[in-house]
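A.B. asks: Quick one: structure below, then a few questions.
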Amino acid sequence: SIEGADAETLVEFACDASMDRAIGSVIYTQMLDHRGGMIADVTVTRLAEHRFRMVTGAGALASDLGWLQGIAHRLQLDVELVDESDRLSVIGIWGPHARAVMTAATTADLSNEVFPFGTGQDIVVGSAPAFAQRITYVGEFGYELYVDPAWTVAVWDRLMAAGAEHGIRVCGYRALDGLRMEKGYRYIGTDLTPNDTPDQAGLAFCAKKDADFIGRDVLLVRREEGFTTRIRTLALGDGGWVSAYGGEVVLRDGEALSRLRSVAYGYSVERMLAYAYLPTDVAEGEQLVVETLDGPVAATVMADRLVDPSGSRLL
C-alpha cells in the first residue's frame with residue numbers, strides 16, 4: 001500500500017499512466033527508468049484520496065518496492081510504503097461465466113453501470129468481506145478478489161460451489177500464460193525489460209499523460225525519432241507442440257533477427273505462440289524460421305491479438 005499526503009505525487013511521478021483518477025479506479029501502468037525503458041508492469045488501485053495499492057508480480061516485489069522507496073526518499077515525500085503480501089490473499093476468477101458465478105456468490109450489484117471494467121469496490125462473498133476489482137490478465141471477463149487470509153477458504157469454497165453448475169475449474173500458470181499471449185498481454189522481465197520502451201511493446205496507450213514522470217523526456221525523444229523494432233506474435237510450427245522455451249534465434253533468409261521472449265501453447269487458437277521483437281518492416285503473414293532444440297521450425301508472423309482483438313469479452 002502507498003499512503004500519505006504525497007501518495008498521489010509518488011505514483012504519478014513513478015508511473016507512465018495518469019494516476020489522477022477517481023477513487024475505485026484500477027490503472028494499468030508501467031514504471032520506467034531514466035532511459036525510458038520498462039522496469040515494472042503493475043496495476044495501481046486508488047483506494048482513497050491519499051491511499052493507493054500497487055500490485056506487482058511476486059518476483060518483482062523487492063525491486064519495485066525499493067524503486068518507490070528511493071523516489072520517496074529522494075523527493076522527501078510524506079508517504080508510507082507497506083508490503084501487504086502477507087495481509088491479503090488474491091483469488092482470480094475469469095471466463096464467460098464469471099459474472100454468473102459471482103452473482104450467485106454475492107448480493108452486490110455487478111452490473112456494468114455500477115461495477116464497470118477497470119474499477120474496484122468492497123463486496124461480500126457469502127459472508128466474507130472482500131475487495132473486488134474488475135481486471136484481467138487472461139483476456140476474459142472476470143475479477144480479482146483481495147481477501148483477508150482468515151476468510152480465503154470461505155470465499156474459495158463459496159465460489160467453487162456457485163460455479164459447479166457452470167463447470168468451474170482450477171487452472172495453473174501455464175494455462176494463464178497461453179491465454180494472456182493469445183490476447184497480446186506481456187510479462188515483465190521477459191517481454192518487457194529496461195531495453196524496451198512502451199511504444200515498442202505496444203503499450204504507448206499507457207504513456208500518454210502530460211504530467212511529468214521518470215523517463216518521460218527520453219521516451220518522448222525516442223518516440224519522435226521512431227523505433228526500428230517492435231514486439232510481434234509468432235505462431236510456431238503447424239499446430240503441434242514445439243520444443244521452444246524462450247531465447248531461441250529467429251531468422252529471416254538465414255539472417256538472425258532476434259530471439260524469442262515468451263513462449264506458450266495457445267489452447268484457444270491451438271497453436272504454439274511466441275513473442276519476439278522484430279524489425280518494423282516484418283509484415284503480418286511473413287514466414288520466418290526459429291532454431292529450436294529439435295531443429296528449424298517455421299514461424300508465421302501473426303496479428304498482435306489473436307483472440308477478441310476488440311476487447312468485447314472484457315465487458
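The values are calculated or read from the model by the stated rules, or taken from the named source; none is laboratory data. Since the structure is predicted, the reported quantities are computational estimates derived from the model, not experimental observations. Cβ sites come from the backbone with ideal geometry, for glycine too, and all protein chains shown count toward neighbours. Side chains included, ligands, DNA and RNA excluded: accessible areas come from the protein's heavy atoms. Shrake-Rupley method; radii C 1.70, N 1.55, O 1.52, S 1.80 Å.
A.B. asks: With respect to residue 203, determine if the residue is among the aliphatic types (A, V, I, L, M) and at pLDDT 95 or above.
C.D. replies: In short, yes.
A.B. asks: Among 282, 297, which is closer than 28 Å to residue 173 by Cβ and at pLDDT 95 or above?
C.D. replies: Selected residue: 297, the only one of 282, 297 that is closer than 28 Å to residue 173 by Cβ and at pLDDT 95 or above.
A.B. asks: Name every residue in segment 120-139 that is open to solvent by less than 20 Å² (accessible area, probe 1.4 Å) and without any contact (Cβ under 8 Å) to a residue 60 or more places away in the chain, in order of residue number.
C.D. replies: 123, 125, 128, 130, 132, 138
A.B. asks: Could you go through segment 21-28 and let me know if any residue there is in contact (Cβ under 8 Å) with a residue 12 or more places away in the chain, among the hydroxyl-bearing types (Ser, Thr, Tyr) and over 21 Å from residue 220 (Cα atoms).
C.D. replies: Looking through segment 21-28, at least one residue is in contact (Cβ under 8 Å) with a residue 12 or more places away in the chain, among the hydroxyl-bearing types (Ser, Thr, Tyr) and over 21 Å from residue 220 (Cα atoms).
A.B. asks: Hey, can you tell me all the residues within segment 275-315 that are outside any loop (DSSP other than H, G, I, E, B), of a type in the set (A, V, I, L, M, F, W, C) and more than 23 Å from residue 96 (Cβ to Cβ)?
C.D. replies: Answer for segment 275-315, where residues must be outside any loop (DSSP other than H, G, I, E, B), of a type in the set (A, V, I, L, M, F, W, C) and more than 23 Å from residue 96 (Cβ to Cβ): 276, 278, 288, 289, 290, 297, 298, 299, 301, 302.
A.B. asks: Output the residue which, of all residues in segment 75-101 that are aliphatic (A, V, I, L, M) and within 18 Å of the chain's Cα centre (by Cα), is surrounded by the most Cβ atoms within 10 Å (Cβ to Cβ).
C.D. replies: Filtering first and then ranking leaves 93.
A.B. asks: What residue, of 223, 169, is of a type in the set (D, E, K, R) and closer than 30 Å to residue 103 by Cα?
C.D. replies: Result: 169 is the single residue among 223, 169 that is of a type in the set (D, E, K, R) and closer than 30 Å to residue 103 by Cα.
A.B. asks: Go through segment 264-283 and give me each residue that's open to solvent by 20 Å² or more (accessible area, probe 1.4 Å) and touching a residue at least 24 places away in the same chain (Cβ under 8 Å).
C.D. replies: Selection gives 265, 267, 268, 269, 270, 271, 279, 280.
A.B. asks: While we're here: Could you tell me which of the residues 179, 145 is out of contact with any helix residue (DSSP H, G or I) (no Cβ under 9 Å at 6 or more places or on another chain), buried (at least 16 other Cβ atoms within 10 Å of the Cβ), in contact (Cβ under 8 Å) with a residue 12 or more places away in the chain and not in a loop (DSSP other than H, G, I, E, B)?
C.D. replies: 179
A.B. asks: Picking from 70, 57, which residue would you name as being within 19 Å of residue 188 (Cβ to Cβ), modelled with pLDDT under 95 and surrounded by fewer than 23 Cβ atoms within 10 Å (Cβ to Cβ)?
C.D. replies: 57
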